[in-house]
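First comes the structure, then the notes that go with it.
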Amino acid sequence: MQHLDLEVICQAIEWLESSASETGACAPSSEPIWLCTVLATFGSSPREPGAWLVARGEGLHRGSLSGGCVEDDFLARLAKGEFTAAAQVIRYGEGGHQGASIELPCGGLLEVLVERFTACEDDIAHLKALRATLEGQTPRLRHVILGETSRRALEEDSGLGERVERLNDANGQASGYQLRVGPVARLLLAGLSPVAEACAAFAVSLGFEVIICEPREEMLASWDARNAPLTGVRLRRELPSRFIAAGGCHAATAVVALTHDPRIDDLAMIEAVRQPAFYVGVMGSLRTSQARAARLARSGGLNDGEISRIVMPIGLNLGSKTPAEIALAVMADIVRIRRGRERHAL
């Protein structure tokens with residue numbers, strides 16, 4: 001299982017490459033695809049700006065814009081031959097585009113960018129660059145210009161800022177959009193444990209790419225005996241610290257250690273604080289955390305700034321007792337940090 005954004009782009013590439021191999025690149029008979037991006041939502045809307053859907057003319061599609069109602073209308077209009085422009089914006093909800101009679105929850109509005117891609121080398125290369133970004137390489141800023149001279153371009157980006165920004169012409173009308181694309185959110189779990197497995201299950205449902213690094217033979221044997229039941233989780237049979245040091249983290253990575261084994265947890269923390277991960281946390285009581293901080297400074301050589309990056313005790317203070325409750329507290333804290341919310345604002 002992949003993050004939905006990555007699934008959408010991979011599907012788009014697959015369809016275009018298949019069309020190119022059957023008819024030739026840019027051949028008139030090659031099948032185009034349409035990439036839809038949520039630009040803005042007003043009121044209640046089930047998808048946030050930047051969400052993607054890709055579709056073919058006959059109705060095959062991957063991804064989501066609203067959870068059903070908008071997709072049905074868009075696909076029906078696509079089948080009738082609409083959306084021939086290289087890029088255009090449509091609007092759903094009250095006062096929607098072309099009188100589309102779609103009502104979103106609580107009177108919400110939804111603006112969608114619709115781009116037409118063909119099997120040309122430039123279009124496929126653009127999508128492959130997006131795939132590379134989602135897989136953890138340099139964040140990108142997409143420029144999509146509307147109108148008769150519609151065009152698209154990519155440039156490197158810091159990854160900071162709004163995911164969607166509107167570009168206006170001299171009259172204040174939308175002339176195009178800047179769309180930020182960054183790596184898929186990754187949860188890196190240092191070692192197997194009941195809490196780690198519960199965390200992995202939560203993270204998959206939240207759309208994270210989930211990787212577990214586990215070098216201990218006894219834990220791997222238990223995992224194998226249960227036929228590795230966690231769908232959508234990658235298991236790497238190596239020290240988490242080694243994977244982290246080899247480049248296993250990017251700015252959209254949360255590194256979490258939940259084993260109570262210092263050989264796993266401490267080494268992972270020592271490497272993780274030197275990486276750009278947005279969240280680094282380790283499980284343990286307040287007393288255990290204080291002892292770990294002293295140990296990381298003494299034996300690991302970490303300074304105060306590096307130690308302060310580590311969330312310990314990990315997670316929100318929900319009074320959690322069971323593995324599932326602890327996992328809920330951990331993932332809630334990770335989502336809080338990722339969304340830029342302060343604890344006092346909860």
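The values are calculated or read from the model by the stated rules, or taken from the named source; none is laboratory data. This one's a predicted model, so the numbers in the text were calculated from it and none came from an experiment. For neighbour counting, all protein chains shown are included, and Cβ atoms are generated from backbone atoms with ideal geometry for every residue, glycine included.
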Restricting to segment 202-255, and then to whatever is of a type in the set (Val, Ile, Thr) and touching a residue at least 40 places away in the same chain (Cβ under 8 Å), can you tell me which residue is nearest to LEU192 (Cα to Cα)? VAL255
Could you please give the count of residues in segment 110-131 that are surrounded by 23 or more Cβ atoms within 10 Å (Cβ to Cβ) and without any contact (Cβ under 8 Å) to a residue 40 or more places away in the chain? 0
Report yes if some residue within segment 156-179 is within 27 Å of ILE310 (Cα to Cα) and at pLDDT 95 or above; otherwise report no. no
Assigned to a helix (DSSP H, G or I), closer than 21 Å to GLN88 by Cα and of a type outside the set (A, V, I, L, M, F, W, C): does that describe HIS143? no
I'm checking my understanding of the structure. Among residues of segment 163-176 that are out of contact with any Lys or Arg (no Cβ under 7 Å at 6 or more places or on another chain) and in a loop (DSSP other than H, G, I, E, B), which one is nearest to ILE90 (Cα to Cα)? GLN173
Has segment 168-184 got at least one residue that is over 25 Å from the mean Cα position of the chain (by Cα) and assigned by TED's automatic domain parsing to the domain that holds ILE264? no
Quick check on my filter: what residues within segment 76-89 are surrounded by 17 or more Cβ atoms within 10 Å (Cβ to Cβ) and either closer than 20 Å to SER30 by Cβ or modelled with pLDDT under 90 (or both)? LEU78, PHE83, ALA86, ALA87
Write out, first by first residue and then by second, each pair whose Cβ atoms fall under 7 Å of each other, whose residues are 6+ apart or on separate chains, and whose first residue, in segment 269-292, is without any contact (Cβ under 8 Å) to a residue 24 or more places away in the chain while the second is surrounded by 23 or more Cβ atoms within 10 Å (Cβ to Cβ). none
Which of the numbered conditions does VAL181 fail, given that it passes all the others? Conditions: (1) in contact with a helix residue (DSSP H, G or I) (Cβ under 9 Å, 6 or more places away or on another chain); (2) surrounded by fewer than 19 Cβ atoms within 10 Å (Cβ to Cβ); (3) within 24 Å of THR41 (Cα to Cα). (2)
Taking segment 204-230 as the search range and keeping residues that are among the charged types (D, E, K, R) and in contact with a Lys or Arg (Cβ under 8 Å, 6 or more places away or on another chain), which one is modelled with the lowest pLDDT? GLU209
List the number of the failed condition for MET1; all other conditions in (1) modelled with pLDDT under 75; (2) out of contact with any strand residue (DSSP E or B) (no Cβ under 9 Å at 6 or more places or on another chain); (3) aliphatic (A, V, I, L, M) hold. (2)
Within segment 139-168, which residues are in contact (Cβ under 8 Å) with a residue 60 or more places away in the chain and on the phi > 0 side of the Ramachandran plot? GLY159
Among residues of segment 251-274, those that are aliphatic (A, V, I, L, M) and part of a helix (DSSP H, G or I), counted: 6
Return the total of residues in segment 192-228 being within 18 Å of HIS260 (Cα to Cα), surrounded by fewer than 16 Cβ atoms within 10 Å (Cβ to Cβ) and of a type in the set (Gly, Ala, Ser). 1
Could you check segment 281-311 and list, in sequence order, the residues that are polar (S, T, N, Q), within 21 Å of VAL195 (Cβ to Cβ) and either assigned to a helix (DSSP H, G or I) or not assigned by TED's automatic domain parsing to the domain that holds THR322 (or both)? THR288, SER289, GLN290
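Here is a yes/no grid of residues against (1) of a type in the set (D, E, K, R); (2) in contact with a strand residue (DSSP E or B) (Cβ under 9 Å, 6 or more places away or on another chain); (3) assigned by TED's automatic domain parsing to the domain that holds VAL311:
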site: ARG237; (1), (2), (3): yes, yes, yes
site: ARG242; (1), (2), (3): yes, yes, yes
site: ALA252; (1), (2), (3): no, yes, yes
site: ARG263; (1), (2), (3): yes, no, yes
site: ASP266; (1), (2), (3): yes, yes, yes
site: MET269; (1), (2), (3): no, yes, yes
site: ARG274; (1), (2), (3): yes, no, yes
site: TYR279; (1), (2), (3): no, yes, yes
Could you give me the residue pairs with C-beta distances under 6 Å whose first residue belongs to segment 56-71 and is modelled with pLDDT of 90 or more, whose second residue is among the β-branched types (Val, Ile, Thr) and not in a strand (DSSP E or B) wherever it lies, and which are 6+ apart or on separate chains? ARG62/VAL8; GLY63/VAL8
For segment 96-118, does any single residue satisfy the condition of being farther than 27 Å from VAL184 by Cβ and either under 24 Å from the mean Cα position of the chain (by Cα) or modelled with pLDDT of 90 or more (or both)? yes
